[in-house]
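*Asks:* One structure coming up, written as structure tokens, with questions to follow.
The values are calculated or read from the model by the stated rules, or taken from the named source; none is laboratory data. Predicted model, so just to flag it, every value in this text is computed and none were measured. No Cβ is skipped: glycine too gets one built from the backbone with ideal geometry, and neighbour counts run over all protein chains shown. Each accessible area value is taken on the protein alone, full model and side chains, heavy atoms only, with ligands, DNA and RNA left out. Shrake-Rupley method; radii C 1.70, N 1.55, O 1.52, S 1.80 Å.
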Amino acid sequence: MNSFEYLCLKCLQSFRGERSISAIYHLFRGKKSSQTIQDANIFSLANVYGLFPDLNRNFLQQTIHFLQAEQLIREVHSEHCEVTDKGKKQLSDGEKLYYLAPYLNGYAYKDKSLTFWKRYSLLVQTLSNLAGKDNTFIPIQYDDNIQGWVKNYLLSQKGSSKKQLLNDLFKETNSLLSQLPTNQATVFALKLSGYRHTGNTDEQIARTLKKDTNWIHVEFQSVLHYFIQTLEKKDAASIHKSLFLICRDLLERPLLTETTQKSLKLLHQGLSLPEIANIRRLKESTIEDHVVEIAMQIHDFSITPYVKEDNVEVIKAVIHDMQTHQLRRIKAKLNNLDISYFQIRLVLTRMGDSDESKQPAGS
């Protein structure tokens, strides 16, 4: 079993037939929809969110067909599958081969880590070549914004030599890499380009390390996420000064989508959901999506204006009793009560990773 098959099995095990194959597709690609974001949260799959932004749907479908042919999963109804006992055994074995680092968090770090890597890799390549007296190198990053950032960074560091800047960056990078598993540090180092040296592709690294290409990609993302997580800490600006400067502005970016941020500002002004929908010319259900996203990311955001505390406990009890996250089933059980899908989603969002209904059946 390769790493991508393992990751698909992991998602299907978490979904337990309650989400379709399309949900995996959107999760891996990092779709910024309220449904996909909520799936990442309530099924404890934020780590793999956005892990394969260029995933081809046909490739995913071929993988699903393979898992079915191997009797690792079975279809419970159209496009919905559950993991078989044989599949659960494969999952258990796969955990030893494909350990997902605790700092891997695609939802929190996907966008930040991508920009960080583009800046970092071009900065290292530039400093290395300039230190080697080569001004004619071909930049590995063609993005004008990234190139502009590197130029501005170098202008702001005029008091230091290129060799000193490169040395500082090396020391800080080496310090962080030394805290990671050797294979992850190796993947990161092999991807770097410098003076008279071109970084390796995932395919080349996979051949060198005798791993599959997708797993090399996962390991690389793990390193980037570890870097960002470390640089978010309070003392990072003094301990990792050079690395911190590369992503200082990125760390300040909120996780909320831009449209949700606009709704949050209006909520802070004391406006109701219908009023916000009217002002923004959006459906009220869209504003409800924004509230759910806010509740996921801002832990002191109170949901009691939208769902009474008594109803919160009733909804929780049903979820635990039925061991499900399917809104339709929960709503049916609550049929005699005036509780909306929106309120159920808010409670699901707030139940946290300790929620028993998230645990695989039989665990």
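*Asks:* If we keep just the residues of segment 248-277 that are polar (S, T, N, Q) and touching a residue at least 12 places away in the same chain (Cβ under 8 Å), which is most open to solvent (accessible area, probe 1.4 Å)?
*Replies:* Selected residue: Thr259.
*Asks:* Here is a follow-up. Before we move on, is Tyr120 among the aromatic types (Phe, Trp, Tyr), open to solvent by less than 30 Å² (accessible area, probe 1.4 Å) and either in contact with a Pro (Cβ under 9 Å, 6 or more places away or on another chain) or in a helix (DSSP H, G or I) (or both)?
*Replies:* So Tyr120 fits the description; yes.
*Asks:* For residues that are farther than 26 Å from Gln229 by Cβ and under 29 Å from the mean Cα position of the chain (by Cα), scanning just segment 127-162, find the one that is surrounded by the fewest Cβ atoms within 10 Å (Cβ to Cβ).
*Replies:* Only one residue tops the list, namely Asp144.
*Asks:* Going by the structure shown, is Glu219 at pLDDT below 95, acidic (Asp, Glu) and either under 19 Å from the mean Cα position of the chain (by Cα) or under 17 Å from Ser113 (Cβ atoms) (or both)?
*Replies:* It is false that Glu219 is at pLDDT below 95, acidic (Asp, Glu) and either under 19 Å from the mean Cα position of the chain (by Cα) or under 17 Å from Ser113 (Cβ atoms) (or both).
*Asks:* List the helices (runs of 4 or more DSSP H) that sit entirely inside segment 251-311 and contain at least 3 residues that are in contact with a Phe, Trp or Tyr (Cβ under 7 Å, 6 or more places away or on another chain) and either within 22 Å of Leu45 (Cβ to Cβ) or acidic (Asp, Glu) (or both).
*Replies:* Correct list: 284-297.
*Asks:* Out of segment 47-80, which residues are under 30 Å from Leu255 (Cα atoms) and in a strand (DSSP E or B)?
*Replies:* His80
*Asks:* Please identify the pairs in which a residue from segment 107-128 that is farther than 24 Å from Ser161 by Cβ has its Cβ atom under 6 Å from the Cβ atom of a residue that is open to solvent by less than 10 Å² (accessible area, probe 1.4 Å) and of a type in the set (Phe, Trp, Tyr), counting only partners at least 6 apart or on another chain.
*Replies:* Correct list of pairs: Tyr107/Tyr49.
*Asks:* Right, Lys86: in a helix (DSSP H, G or I), more than 25 Å from the chain's Cα centre (by Cα) and either modelled with pLDDT of 95 or more or surrounded by fewer than 16 Cβ atoms within 10 Å (Cβ to Cβ) (or both) or not?
*Replies:* Yes.
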